[in-house]
Amino acid sequence: MRKLLIYLVTALALNAQGRFEFWPGTVYDPAMPTFEKVLGYGAGEKLASHGDIVRYFEALAAASGGRMKVYEYARSWEGRKLFYAVIASEANQRRMAAIRGDIEKLADPRKTPEAEAKRIIAGMPAVVWLGYTVHGNELSGSDAAMMTAYHLLAARNQKMVADVLANTVILIDPLQNPDGRTRFVNNFEQAYGIEADGSAVAAERNEPWPGGRSNHYLFDMNRDWFALTQPETVGRIKMLLEWYPQVAADLHEMGSESTYYFAPEAVPYNPHLTKEQKTSLEWFGKNNAKYFDQFGYSYFTREVYDAFYPGYGAAWPAFHGTIAMTYENAAVRGMLYNRLDGSVYPFKESVKRHFVTSVATCEAAAMYRGQLLENFWKYRRSAVEEGKSEPVKGYILSRKGDGSAADKLAEVLVTQGVEVGRLAAGAAGAPDGSYLVSLAQPAKRLIRTLLDQKVEMEGDFVKEQERRRKKKLGDEIYDVTAWSLPLHYGVESIPVTSLPGGATPFTGVRPKPAAPGKAQVAYFVPWGTQAAGQFLTAALRAGLKIHTVDKAFVQGGRRYERGTLAVKVAENSGNVHELVLKAQGYAEVVASDTGWVESGVNLGSRATFVMKKPAIALAWDRPVAANAAGAVKWMLERQYGYPVTAVRMSSLATADLSKFDVLILPDAMGDYGAALGTGAIRRLKEWVGSGGTVIGIEAGVEFLADAKVGLLATAREQLAVEKKVEAVKPDASGQVPGKVLGSEADFLQAIAPEKDQLDVVQGILAVAKMDPDHWLTAGVQPTVTALLQGRTVFSPLKMNAGTNAAYFAAADQLLASGYLWDESRKQFAYKPLVMVQREGRGHVIGFTQDPNFRGYMDGLNVLFLNAVFRGVAHSR
């Protein structure tokens with residue numbers, strides 16, 4: 001109660017100069033519950049908690065007379081409810097089942113001829129989705145969502161609101177990241193004093209690690225829309241596919257000194273967006289601008305925020321035919337912010353800006369209702385037509401290699417509205433159970449965006465980035481330049497010019513392999529698949545003793561490649577068969593009644609090693625990069641069901657490492673050495689020498705390679721230059737020798753820095769090769785695809801120091817997808833992706849690029865599992 005009173009005192013002080021109105025002149029229905037009545041404070045006067053947001057929407061729904069209904073669509077990792085509200089006129093709410101049926105008909109033009117589509121369009125409302133606070137510390141969104149719902153339900157004297165309710169169905173998703181917001185609000189309340197503090201360095205505004213932006217597993221969910229790694233995203237995608245909105249606005253925040261951004265987006269545009277979609281953005285931009293001009297708010301468009309990467313909330317819906325947009329508001333990050341120009345920016349004002357664009361977006365959708373629906377139907381019809389007429393008619397997703405990865409990829413596609421077929425045995429020469437994705441379907445442009453090996457940026461944009469780069473201005477690329485789900489998953493995708501027949505619809509339920517018979521001697525699990533990795537972790541947690549075989553062998557006419565897991569019956573308990581069946585999951589398990597092999601090594605060979613159940617420690621807290629740490633923890637715990645102990649850096653400096661077998665140092669935003677100190681570094685080296693396995697990722701590799709640490713015999717490279725810039729020192733008079741600059745090239749050479757580094761690579765997919773003789777690459781394909789970003793290049797290990805277990809391909813073969821600077825292409829060639837160095841009885845493993853990036857580089861899972869589990873097996 002005391003906190004609430006303090007908040008209200010602050011709010012009264014901020015409003016002392018006059019009554020604050022969100023939409024001046026509006027008369028509201030007193031029967032509709034206000035913020036004050038339900039929550040005890042006004043809109044924007046307090047940072048609403050998740051519980052407050054839920055309670056207010058429930059109160060509005062109860063008082064709405066049926067005009068608003070609330071539906072749950074997911075639960076966060078921490079168990080918080082994600083929900084959305086459906087707002088429409090009473091008449092439209094009564095016929096909502098029919099409206100949703102008509103939406104389904106428009107969404108599939110193969111079943112809906114033009115005449116019927118026109119009839120439907122003439123009589124149905126457009127659907128608008130407004131999504132808020134996918135980044136939990138972008139606070140104004142959720143409060144604006146509550147105010148938007150109240151305004152649409154309570155405003156009595158606004159024709160605009162009546163038009164919106166009559167001509168649209170509004171879906172309000174008020175809090176896309178409840179765990180992240182709760183994290184921020186808790187810190188804010190703990191640091192809050194007797195009044196709001198607008199200082200840029202105030203503790204209430206500066207959140208401790210990991211901050212509230214990300215969800216429980218520290219994922220940026222505004223990059224997850226096609227990867228579908230988080231339950232919040234999966235639930236949201238399923239919800240949107242039930243409604244197929246014609247308009248989607250995803251509301252965010254940016255720097256506190258900024259103004260406001262709304263569509264149209266900046267270039268580059270994804271090439272699979274249509275001309276009509278780009279044109280329609282101006283309808284909404286102009287309507288937003290009309291009200292911002294009226295209220296005296298500054299704004300900008302066509303800068304910074306692009307429409308290229310499909311993992312944004314303002315991008316993914318567009319590939320189903322939606323007009324999708326990002327809105328960015330200047331953040332307050334508390335109750336007020338003291339700007340550099342001396343003005344005070346209160347939280348309530350930031351809420352109002354998002355509220356205004358929310359209402360303006362609804363109005364524009366009502367104004368252009370007919371055109372939006374017609375364009376939606378035409379978008380999906382033209383997608384089908386393009387799929388029939390273009391040379392490539394579809395893709396085969398082969399189960400060759402890791403069949404479980406192909407199964408998961410097919411499941412992910414189905415989840416996001418793509419029709420997938422299962423090929424008949426022997427069809428098109430593909431392995432049994434392979435998948436077919438036809439392009440002659442409404443989701444054709446989404447399929448091309450996700451399955452094509454490369455999606456090109458606009459040529460003019462690329463030329464401009466090269467021009468800026470020459471002047472050291474920095475590029476304007478907002479996010480990664482490459483993605484391709486087959487490359488991410490390590491699945492062979494085969495474009496076909498004619499579709500093989502006999503495919504049956506795949507519903508997203510993965511097939512399970514046959515259960516093995518009861519073995520007399522051992523159970524074999526071929527290594528190299530996600531399913532085999534899941535078997536390993538489940539079996540270890542069940543207490544099974546497992547061996548890994550480092551060399552290939554042939555038994556019963558079948559060849560088992562290196563890395564094969566062996567569960568010996570004699571070395572396990574009497575219920576070994578039941579435990580194996582329980583751990584099997586989607587893995588292939590073969591029962592064997594003999595230890596005899598026709599060729600290769602036997603189970604008693606020195607080439608077999610016991611897979612210990614390792615205790616894994618993960619560096620946590622500053623200076624660790626939160627997204628990188630979260631990706632490691634999520635991958636091991638949620639992809640593979642294996643527990644990880646997150647150890648705060650303050651504890652790691654003094655921790656007894658003998659309790660752990662593996663220590664993972666993810667990428668960092670600062671110096672590991674400074675955070676740990678010399679004593680901890682000494683103990684780390686002793687622990688590795690005694691048999692520990694330390695795994696460094698990106699900045700973790702820099703730390704291990706530091707001369708003061710000396711655990712990895714590599715070093716970070718400077719920029720490789722063909723002609724070195726020689727430093728010219730002034731003479732005693734302070735002058736330097738004169739030089740004639742006869743060309744632009746001479747000028748650029750003269751102003752080049754004496755020491756330089758590579759320009760930052762914003763994210764490409766790169767080809768890496770495996771050392772086929774090292775235990776770390778067992779079960780891994782000869783080449784893999786890695787996400788390469790940044791500018792850090794490491795020199796390869798010398799042969800007498802360790803092994804470059806994985807290294808990037810030659811310069812002319814390196815780039816699999818994306819845009820890569822020429823100097824980077826040349827210098828990253830033949831440089832290590834993964835290094836292994838023995839230190840005493842233990843191992844030091846370095847990943848120069850993050851194998852767990854955003855949780856979607858599944859094709860590198862086996863490589864990382866080898867580092868964690870096989871590293872321990874090969875330590876002494």
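The values are calculated or read from the model by the stated rules, or taken from the named source; none is laboratory data. Remember, predicted model here, so these are calculated numbers, not experimental data. When we count neighbours, we look across all protein chains shown, and the Cβ atoms used for this are built from the backbone with ideal geometry, even at glycine. Remember, those area values only see protein heavy atoms, side chains included, never the ligands or the DNA or RNA. Shrake-Rupley method; radii C 1.70, N 1.55, O 1.52, S 1.80 Å.
Structure notes:
- Nearest-0.05 FRET efficiency for Gln453 and Val760, computed from C-beta distance (R0 35 Å): 0.90
- Burial order of peptide ranges 704-712, 115-123, 70-78, 529-537 (average beta-carbon count within 10 Å, highest first): 529-537, 704-712, 70-78, 115-123
- Portion, in percent, of the accessible area of region 750-876 that falls on carbon or sulfur, probe 1.4 Å: 48
- The protection proxy used here, the mean number of other Cβ atoms lying within 10 Å of each residue, ranks peptides 203-210, 492-499 as follows, highest first: 203-210, 492-499.
- Histogram of C-alpha separations across region 105-203, 5 Å bin width, %: 2, 11, 13, 14, 13, 11, 11, 10, 6, 3, 3, 3, 1, 0
- For the chain, share of DSSP beta bridges that run antiparallel, in % to the nearest 5: 65
- Percent breakdown of C-alpha pair distances by 10 Å bin, ordered from the shortest bin, for region 451-558: 9, 22, 22, 20, 15, 10, 2, 0
- Whole-number Å³ per residue for the convex hull built on Cα positions in region 648-803: 204
- Region 635-676: C-alpha pair distances exceeding 12 Å, %: 69
- Gain on full extension, evaluated as 0.36 nm per residue between Lys275 and Glu386 minus their Cα-Cα distance, stands at 38.5 nm.
- Think of the chain as a dipole: +1 on every Lys or Arg Cβ, -1 on every Asp or Glu Cβ, centred on the Cα centre; then among Ile546, Gly421, Gly66, Ile546 lies furthest on the positive end.
- Over all pairs of different C-alpha atoms in region 268-326, the reciprocal of the mean inverse distance, the Kirkwood hydrodynamic radius, equals 12.4 Å.
- DSSP bridge pairs, region 220-352: antiparallel proportion in percent, nearest 5: 30
- Within straight-line cross-link reach of Lys393, aspartates and glutamates at Cα separation under 15 Å, skipping those fewer than 8 residues along the same chain: Glu385, Glu419, Asp452
- Principal-axis tilt of helix 672-689 within the chain, Cα atoms, nearest 10 degrees: 30
- Total formal charge among the other residues, if their Cβ is under 13 angstrom from that of Tyr435, Lys/Arg +1 and Asp/Glu -1: 0
- In this structure, the pairs whose alpha-carbon distance is over 30 Å, taken from Lys568/Lys798; Lys444/Lys769; Lys37/Lys159, are Lys568/Lys798; Lys444/Lys769.
- Heavy atoms of the protein chains alone define the surface here; on that basis region 788-858 has 34 Å² accessible area per residue at 1.4 Å probe size.
- Label positions at Ser650 and Asp29, each projected 7 Å from the Cα along the C-beta direction, are separated by 5.2 nm.
- Backbone N within region 789-822 under 20 Å of label point (7 Å from Arg716 Cα along the Cβ vector): 789-798, 808, 821
- Within the same chain, lysines fewer than 8 places from Lys659 are excluded, and of the rest, those with a Cα less than 24 Å from its Cα are Lys545, Lys612, Lys613, Lys633, Lys685.
- Residue separation of Glu686 and Ile494 scaled by 0.36 nm, minus their Cα-Cα distance, works out to 64.1 nm of gained length.
- Temperature 10 °C, viscosity 1.306 mPa s: under these conditions the Stokes-Einstein estimate for the chain, based on its Kirkwood radius over C-alpha pairs, is 54 µm² per second.
- Cα long-axis angle, helix 2-14 against the chain (0 to 90 degrees, to the nearest 10): 60
- By the rule of a C-alpha distance below 19 Å, with chain neighbours fewer than 8 residues away ignored, the lysines paired with Lys286 are Lys275, Lys278, Lys352.
- Applying 1/(1 + (r/R0)^6) with R0 = 41 Å to the Cβ-Cβ distance of Ser599 and Lys798 gives a FRET efficiency near 0.75.
- Violating pairs (Cα-Cα greater than 30 angstrom) within the set Lys512/Lys551; Lys454/Lys755; Lys470/Lys729: Lys454/Lys755
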